[in-house]
Every structure is written in C-alpha cells, then in structure tokens.
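Since the structure comes first, as structure tokens, the remarks are kept for the end.
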Amino acid sequence: MNQWISDYVRAQKTALDSIPAEGVAQLVEKLRVAWKEDRQIFVFGNGGSASNASHFATDLGKGSSDKVGKCFRVMSLNDNVSWMTALGNDYAYDEIFVRQLRNYAKPGDLVLTMSVSGNSPNLVKAFEWAKQNGLRTVALVGAKRGRLAEIAEQVIVINDTHYGRVEDAHMGICHMACYAFMEKPELVK
C-alpha cells in the first residue's frame, strides 16, 4: 500500500506540474474583465467536476468578492437540482446546461467548464450554444482533450487521463484563480 500511495503522489505531482502558468494567468484576466464589465460567470461540470464547479463559485463569489470589494457575478449551473432534473426529464440530459444558459446568459458573459474527457454531450452542447451566442468560453480538460478543446476559446489541459488526478488539478487551477484576487486584489484595479 505504501508504494501505491507513493506512486499516486508522484503521478499527482506530475499532473500538477502540467498546469500551464500562462493559461491560468489568461483565465485570471478573463475573470478580471468579467468582474470589471459586470458580466455573469457560469461554471458547470459533471460528477466530481460538478462539485469543483460549486466550490469554485463559492470561492469566487464569496472569498474573492469580499477581498476586491465588488461582487463577482458567478453561478454554478449544477446547484439547482430541481431545475436540472426537470430539464433532464422533460427534454434530455444533454440539455441541462444549455437550457439554463438560454435563460440567463448574454453575449460577453463567461462560461467555464471542467471535464476530464472533454466529450460530455451536455457540456459540448452548452459550449456550442455559448460560442454561437457570443459568450467567452474556457474549458479545463484532461489529456484526451475531447470536443471541448475544439470549441472553447481557451483550453487548459492537464496532461493525465486519471479522473481523480485531473479533477484535483482542475480544483488547483480554480483555487489559484480565486486566490489571485484574494491575495493580490490589486490585480483587478
């Protein structure tokens, strides 16, 4: 067991080392522009990425907003279970995010998703709609990249296909993006 744990930690460090500093800096800048322009920020994902989306929205909406003195308008589309299940039941599961965007999003808003495979039909459909309707798009994906990497305006790739390691690295990116504003609030001025 000790060897397996040591190997896992080593592989996790390699995944973290694949986070591109320039890509995270570009994400922070997109968030800064959204904040400055009072744009809505939508974040969503499936499974562990859904949890990461909720966590990111909390950190950006509370911690980062508290520090910079003006609220980030951020919403996790994973957090309204009754709406998601109504959309999934009445339409199809691949409609659960795009239908919410149709209700809330405006051109210039920012859409962020996380997906290890980059191919989840509900994420792809939402990103296709977002692109067609003038939204800014950022996808955090794993090494397979998937369809999201072809659609998104900005893609940050973690060089691994292991779900746990990629999701952990994605959450690390989310924390860096939020803590950039918490620890360096002068970035948004």
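The values are calculated or read from the model by the stated rules, or taken from the named source; none is laboratory data. Being a predicted model, the structure only gives us computed values, none of them experimental. Glycine gets a Cβ as well: all are built from the backbone with ideal geometry, and neighbour counts include every protein chain shown.
Looking across Asn2, Asn46, one residue alone is of a type in the set (S, T, N, Q) and over 21 Å from the mean Cα position of the chain (by Cα). It is Asn2.
Could you list, in sequence order, all residues of region 102-127 that are part of a helix (DSSP H, G or I) and either touching a helix residue (DSSP H, G or I) at 6+ places or on another chain (Cβ under 6 Å) or aliphatic (A, V, I, L, M) (or both)? If you could, list the steps in order and put the result at the bottom.
As a first pass, look at region 102-127 and keep what is part of a helix (DSSP H, G or I): 102-104, 121-127.
Hits for region 102-127 are Pro121, Asn122, Leu123, Val124, Lys125, Ala126, Phe127.
Counting only residues that are farther than 17 Å from Val24 by Cβ and not small (Gly, Ala, Ser), which one in region 146-164 is surrounded by the most Cβ atoms within 10 Å (Cβ to Cβ)? Don't jump to the end; show me each part of the working.
Restricting attention to region 146-164, the residues satisfying the condition of being farther than 17 Å from Val24 by Cβ are 146-148, 150-151, 161-164.
Imposing the further condition that a residue be not small (Gly, Ala, Ser) reduces the set to 147-148, 150-151, 161-163.
Details: Arg147: 19, Leu148: 25, Glu150: 12, Ile151: 18, Thr161: 13, His162: 17, Tyr163: 14.
Per the criteria, the residue is Leu148.
Out of Ala130, Ala143, Ala180, one residue alone is at pLDDT 95 or above, crowded, with 23+ Cβ neighbours inside 10 Å and over 17 Å from Ala50 (Cα atoms). It is Ala130.
Suppose we keep only residues that are crowded, with 16+ Cβ neighbours inside 10 Å and of a type outside the set (Gly, Ala, Ser) within region 68-77. Which one would you say is farthest from Val43 (Cα to Cα)? Step through it out loud before you land on a result.
First pass over region 68-77, keeping only residues crowded, with 16+ Cβ neighbours inside 10 Å: 68, 72-77.
Next, from what is left, pick out any that are of a type outside the set (Gly, Ala, Ser): 68, 72-75, 77.
Numbers: Val68: 20, Phe72: 12, Arg73: 11, Val74: 8, Met75: 6, Leu77: 6 Å.
Of everything passing the filter in region 68-77, Val68 is farthest from Val43 (Cα to Cα).
What do you reckon, is Tyr91 surrounded by fewer than 21 Cβ atoms within 10 Å (Cβ to Cβ) and touching a residue at least 40 places away in the same chain (Cβ under 8 Å)? No; evaluated as a whole, the condition is false for this residue.
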